[in-house]
1. Out of the residues in the stretch 27-39 that are within 15 Å of residue 69 (Cα to Cα) and within 16 Å of the ligand (Cβ to nearest atom), which is surrounded by the most Cβ atoms within 10 Å (Cβ to Cβ)?
2. Can you pull out the residues in the stretch 86-98 that are more than 16 Å from the ligand (Cβ to nearest atom) and either without any contact (Cβ under 8 Å) to a residue 12 or more places away in the chain or surrounded by 12 or more Cβ atoms within 10 Å (Cβ to Cβ) (or both)?
3. Can you pull out the helices (runs of 4 or more DSSP H) entirely within the stretch 116-185 that have at least 3 residues that are farther than 24 Å from residue 212 by Cα?
4. Of 172, 117, which residue is closer than 30 Å to residue 230 by Cα, touching a strand residue (DSSP E or B) at 6+ places or on another chain (Cβ under 9 Å) and at pLDDT 95 or above?
5. When residues of the stretch 57-85 are filtered for being more than 10 Å from the ligand (Cβ to nearest atom) and assigned to a helix (DSSP H, G or I), how many remain?
6. Tally up the residues in the stretch 47-80 that are more than 15 Å from the chain's Cα centre (by Cα), on the phi < 0 side of the Ramachandran plot and modelled with pLDDT of 95 or more, please.
7. Quick check: is even one residue across the stretch 215-223 surrounded by 21 or more Cβ atoms within 10 Å (Cβ to Cβ) and in a helix (DSSP H, G or I)?
8. Pairs needed: first member in the stretch 65-79, closer than 16 Å to residue 55 by Cβ; second member anywhere, in a strand (DSSP E or B) and away from the ligand (no atom under 13 Å from the Cβ); C-beta distance under 7 Å; at least 6 residues apart or different chains.
Ligand SMILES: N[C@@H](CCC(=O)N[C@@H](CS)C(=O)NCC(=O)O)C(=O)O
């Protein structure tokens, strides 16, 4: 774990994130903090080892990310994103809201965010080689799920640039944090998922999301994640850096 402030005797910053640069879940939290313009420190966990601070902060699941806000821990990426949206609300001239204002819109985005975690993530683990499975069948199932997400994009965005409308919202963050890994597993497994011909709308959204100033330095590019997989493959197969 790397920390920049703690050895200086200064108090730790108000907002810290326990996580890892290759972790899509961590990236959800970092993107949300950047969108809100919240100063924060990312404490990188070492692959294959869990820091004492992580084990203490998330004793139930022992997973990252964990947000530490004034020292108070909060685990689970999407729970943290909602917390960030509540604690740093949109106000005059400040960042926009992450979740829609109306309850139905909020519920719809939560539905699809859960769909992303249920349908996209298990496939990424198979295609990365962390769990066994038929890669062509898996790629087909993921393409179907992405097709549904493209349809959801059309409804949620209402002709605007993001799922969230004019600005990045909850579902943009939930799905967008996986774009690096989606592109990486295409290379690792030799399959096509985010195909511009089959998914023209989602492919354009993906490029736009990855180029956004709050995202561009956060969601790693595919080649870096392929290298990461080659370097830590054996560890990844036992520790679940992508969820099971
Ligand atoms: N549902 C959790 C998933 C978190 C998760 O799986 N984190 C991975 C890193 S990307 C982890 O901590 N893996 C270590 C382990 O499972 O032991 C979230 O959304 O935050």
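The values are calculated or read from the model by the stated rules, or taken from the named source; none is laboratory data. These numbers were taken from a predicted model, which means no experiment stands behind them. Every residue, glycine as well, gets a Cβ built from its backbone with ideal geometry; the counts of neighbours run over all protein chains shown.
1. In this case the residue turns out to be 29.
2. 86, 87, 88, 89, 90, 91, 92, 93, 95, 96, 97
3. In the stretch 116-185, 121-128, 135-157 are the helices (runs of 4 or more DSSP H) which contain 3 or more residues that are farther than 24 Å from residue 212 by Cα.
4. 172
5. Looking only at that region, the number is 5.
6. 17
7. No, the stretch 215-223 contains no residue that is surrounded by 21 or more Cβ atoms within 10 Å (Cβ to Cβ) and in a helix (DSSP H, G or I).
8. The qualifying pairs are 68/16.
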